[in-house]
Amino acid sequence: MLAAYVGLFIGSVGVGYEARIANYLTSTNLANQLVWNIWWPIVLVLAAVVGRVWCAVCPLEFLNSLGSRIGLKKKVPRVLKSGWVIPGFFAFILFGAVYYLGLKQAPRSLAVYLASVCFIAFLMGLIFEKRSFCSYVCPLGSIIGMYSYIGCIEWRADDRSVCSACKSHDCVAKENRYKLFGHSCTSNLYPARITDNRDCLLCGNCMKACPYSNFRLSLRIPFKDFFTKIRLKPSEMGILLLLIGFVNNNWEALVFFTLIPLAVCLAVSWRSRGEMLNAFMVLAIPMTAAAHTLKAFAGIIWNLPKYKLNFMDPLGIRTARMLADKTLTIDHSWVGPLWKLHGNIMGLLYGGVFVVSVMIIVKSPLTEKIGRLGKAGLIISVALYIASFYIKINI
Ligand code: SF4
Ligand code: SF4
């Protein structure tokens, strides 16, 4: 994957910003296309279906862990541990890098971004202990961690009694932390007690460290984690709010369909406001994951007719100029049936998520302290959130 990153860097670093063709370069440059319209949707879907498998092969984790093996191994400072660096970094990507630095429109910005995050991950590894970049900086890890609550696989200790009887606890032992193969968990987890999918990178090192290989990767019912007492940190709620605005592509909708319903829910359930806030935000996860996936796949469908051109002209400058000059037009007509399919899947997905959300509200321990009125408020809020993808508000 690191080699793939290098390939993407080479494929994008030579193409700077050119106002006339910037909007076309987003999809004519092969590296851009691969990152935003292939890799990104696939990572999202994988997270919602099978968990954080991307993290198991992520080159940033590799660089961060490599740095931490040879570096200073300092304790992580409080400011990083607070978790607020993650939404801060995500906000920078959304508002700074995408809108103002043209992350999607100038392939060179993508190259700079890739090189920068590799450098930061390695540098943080050189300074701090364990997986500091993954645990305290990476927005992608946080987003797919939340989406992985939905997933239909889980990585768990196979037999808890083996863990209870174990004397060495190799899966968490400090002296095993920087072993090359089978190191103990550096994601601040006690692998024998994992109860949900959020933080586990599925790296499998705990199993290699365990003398009994007492771990299993098994299938489970999707959405299972939502029927446990998930507790979101305030910083994760911050990430979710940014994500809701981004996915909807309509920041006014965030106010009308999320913040106002949240205020009403909190008001009707003031005595259990902590539980209400947590339940409200947890319920936003499946809907956001569904909308995010659909949005990403809309990008794939729209760009399908361009893939052949991407391989004929990988830098994409010539193609973009021809499109800008109107000497080349893209025929999108043949993807029409795929849009229809996308629309049908959208209806099914939103309908399915609504039903599951109602089940969570009624049955999950997440809402056990919330009264009937509060639960009704939550159901209406989920319905409003779905409506926000159909009703556009422009002030
Ligand atoms: S948390 Fe981020 S940097 Fe770490 S493995 Fe996952 S995607 Fe990569
Ligand atoms: S070491 Fe085990 S518990 Fe820790 S991230 Fe890797 S697979 Fe998950």
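The values are calculated or read from the model by the stated rules, or taken from the named source; none is laboratory data. Bear in mind that the values here come from a model prediction, so they are computed numbers and not experimental data. Please note: Cβ atoms are built from the backbone with ideal geometry, for glycine as well, and neighbour counts cover all protein chains shown.
In the list R160, R156, which residue meets the criterion of being in contact with a strand residue (DSSP E or B) (Cβ under 7 Å, 6 or more places away or on another chain), more than 16 Å from ligand 1 (Cβ to nearest atom) and not acidic (D, E)? First the steps, then the outcome.
Numbers: R160 fails: in contact with a strand residue (DSSP E or B) (Cβ under 7 Å, 6 or more places away or on another chain).
Answer to the check: R156.
Kindly indicate whether I93 is of a type outside the set (G, A, S) and out of contact with any Leu (no Cβ under 8 Å at 6 or more places or on another chain).
Values: of a type outside the set (G, A, S): yes; out of contact with any Leu (no Cβ under 8 Å at 6 or more places or on another chain): no.
No.
Does D170 satisfy the condition of being more than 16 Å from ligand 1 (Cβ to nearest atom), surrounded by fewer than 16 Cβ atoms within 10 Å (Cβ to Cβ) and more than 30 Å from V353 (Cβ to Cβ)? Step through it out loud before you land on a result.
Values: more than 16 Å from ligand 1 (Cβ to nearest atom): yes; surrounded by fewer than 16 Cβ atoms within 10 Å (Cβ to Cβ): no; more than 30 Å from V353 (Cβ to Cβ): yes.
Considered against the rule, which asks whether it is more than 16 Å from ligand 1 (Cβ to nearest atom), surrounded by fewer than 16 Cβ atoms within 10 Å (Cβ to Cβ) and more than 30 Å from V353 (Cβ to Cβ), D170 comes out as no.
Which residue pairs have Cβ atoms closer than 6 Å, lie 6 or more positions apart in sequence or on different chains, and pair a first residue in the range 75-86 that is aliphatic (A, V, I, L, M) with a second residue that is assigned to a loop (DSSP other than H, G, I, E, B)?
V85/V137
Given the conditions (1) of a type outside the set (D, E, K, R); (2) in contact with a Ser or Thr (Cβ under 8 Å, 6 or more places away or on another chain); (3) in a loop (DSSP other than H, G, I, E, B), and given that L323 satisfies all but one, which numbered condition is not satisfied?
All conditions are met except number (3).
For R198, all conditions in the list (1) surrounded by 19 or more Cβ atoms within 10 Å (Cβ to Cβ); (2) within 16 Å of ligand 1 (Cβ to nearest atom); (3) over 27 Å from K295 (Cβ atoms); (4) of a type outside the set (A, V, I, L, M, F, W, C) hold save one; what is the number of the exception?
For R198, the exception is condition (3).
Out of the residues in the range 75-101 that are outside any loop (DSSP other than H, G, I, E, B) and of a type in the set (D, E, K, R), which is surrounded by the fewest Cβ atoms within 10 Å (Cβ to Cβ)?
R78
So which residues in the range 43-71 are closer than 20 Å to R198 by Cβ and β-branched (V, I, T), if there are any at all? Steps first, please.
Start the filter on the range 43-71 by keeping residues that are closer than 20 Å to R198 by Cβ, which leaves 43-58, 60-61, 64-65.
If the condition is that a residue be closer than 20 Å to R198 by Cβ and β-branched (V, I, T), then V43, V45, V49, V50, V53, V57 are the ones that fit.
Report yes if K104 is outside any helix (DSSP H, G or I), within 16 Å of ligand 2 (Cβ to nearest atom) and charged (D, E, K, R), otherwise no.
On the way: outside any helix (DSSP H, G or I): yes; within 16 Å of ligand 2 (Cβ to nearest atom): no; charged (D, E, K, R): yes.
Criteria not met by K104.
Using beta carbons and a limit of 8 Å, which pairs, at least six apart or on different chains, have the first residue in the range 5-22 and closer than 10 Å to R108 by Cβ and touching a residue at least 40 places away in the same chain (Cβ under 8 Å) and the second one of a type in the set (D, E, K, R) and in a helix (DSSP H, G or I)?
Once the first residue is closer than 10 Å to R108 by Cβ and touching a residue at least 40 places away in the same chain (Cβ under 8 Å) and sits in the range 5-22, its partners that are of a type in the set (D, E, K, R) and in a helix (DSSP H, G or I) give S12/R108; V13/R108; G14/R108; V15/R108; G16/R108; Y17/R108.
Across the range 354-395, what is the number of residues that are crowded, with 21+ Cβ neighbours inside 10 Å and in a loop (DSSP other than H, G, I, E, B)?
2
Only one of N37, N64 is surrounded by 19 or more Cβ atoms within 10 Å (Cβ to Cβ) and over 16 Å from the mean Cα position of the chain (by Cα); which? Working first, answer last.
Values: N37 fails: over 16 Å from the mean Cα position of the chain (by Cα).
Sole residue among the options that is surrounded by 19 or more Cβ atoms within 10 Å (Cβ to Cβ) and over 16 Å from the mean Cα position of the chain (by Cα): N64.
Among the residues of the range 174-187, are any within 26 Å of the chain's Cα centre (by Cα) and assigned to a strand (DSSP E or B)?
Checked against the condition, which is being within 26 Å of the chain's Cα centre (by Cα) and assigned to a strand (DSSP E or B), the range 174-187 yields no hits at all.
List the helices (runs of 4 or more DSSP H) that sit entirely inside the range 127-172 and contain at least 1 residues that are within 22 Å of R231 (Cβ to Cβ) and more than 16 Å from ligand 2 (Cβ to nearest atom).
139-147
Tally the residues that are within 16 Å of ligand 1 (Cβ to nearest atom) and either of a type in the set (G, A, S) or touching an Asp or Glu at 6+ places or on another chain (Cβ under 9 Å) (or both), restricting the search to the range 173-193.
Initially, the range 173-193 is screened for residues within 16 Å of ligand 1 (Cβ to nearest atom), giving 183, 185-189.
Restricting the remaining residues to those that are either of a type in the set (G, A, S) or touching an Asp or Glu at 6+ places or on another chain (Cβ under 9 Å) (or both) gives 186-189.
The total comes to 4.
Among the numbered criteria (1) among the charged types (D, E, K, R); (2) in contact with a helix residue (DSSP H, G or I) (Cβ under 7 Å, 6 or more places away or on another chain); (3) at pLDDT below 95, which single criterion is violated by E236?
(3)
Among helices (runs of 4 or more DSSP H) lying entirely in the range 202-291, which contain 2 or more residues that are β-branched (V, I, T)? Spell out the reasoning first.
Details: elements: 205-209, 234-248, 251-254, 260-268.
Passing ranges, in order: 234-248, 260-268.
Out of curiosity, is T258 buried (at least 20 other Cβ atoms within 10 Å of the Cβ), closer than 24 Å to Y390 by Cβ and touching a Phe, Trp or Tyr at 6+ places or on another chain (Cβ under 7 Å)? Show your work before the answer.
On the way: buried (at least 20 other Cβ atoms within 10 Å of the Cβ): yes; closer than 24 Å to Y390 by Cβ: yes; touching a Phe, Trp or Tyr at 6+ places or on another chain (Cβ under 7 Å): yes.
Spelling it out, T258 is indeed buried (at least 20 other Cβ atoms within 10 Å of the Cβ), closer than 24 Å to Y390 by Cβ and touching a Phe, Trp or Tyr at 6+ places or on another chain (Cβ under 7 Å).
Can S68 be described as within 16 Å of ligand 2 (Cβ to nearest atom) and either within 16 Å of P314 (Cβ to Cβ) or polar (S, T, N, Q) (or both)? Full working, then the answer.
Working: within 16 Å of ligand 2 (Cβ to nearest atom): yes; either within 16 Å of P314 (Cβ to Cβ) or polar (S, T, N, Q) (or both): yes.
It is true that S68 is within 16 Å of ligand 2 (Cβ to nearest atom) and either within 16 Å of P314 (Cβ to Cβ) or polar (S, T, N, Q) (or both).
Can you tell which of C210, C200 is within 16 Å of ligand 2 (Cβ to nearest atom), farther than 30 Å from L94 by Cα and at pLDDT 95 or above?
Numbers: C200 fails: farther than 30 Å from L94 by Cα.
None of the others qualify; the one that does is C210.
Return the residue satisfying two criteria in turn: it lies in the range 173-189 and is within 13 Å of W155 (Cβ to Cβ) and not aliphatic (A, V, I, L, M), and of such residues it is surrounded by the most Cβ atoms within 10 Å (Cβ to Cβ).
Here is the first cut: in the range 173-189, the ones within 13 Å of W155 (Cβ to Cβ) are 185, 187, 189.
Imposing the further condition that a residue be not aliphatic (A, V, I, L, M) reduces the set to 185, 187.
Numbers: C185: 24, S187: 19.
Looking at the filtered set, the residue picked out is C185.
When the residues of the range 17-67 are filtered to those that are touching a Ser or Thr at 6+ places or on another chain (Cβ under 9 Å) and not in a helix (DSSP H, G or I), which remaining residue is nearest to ligand 1 (Cβ to nearest atom)?
Among them, the one singled out is R52.
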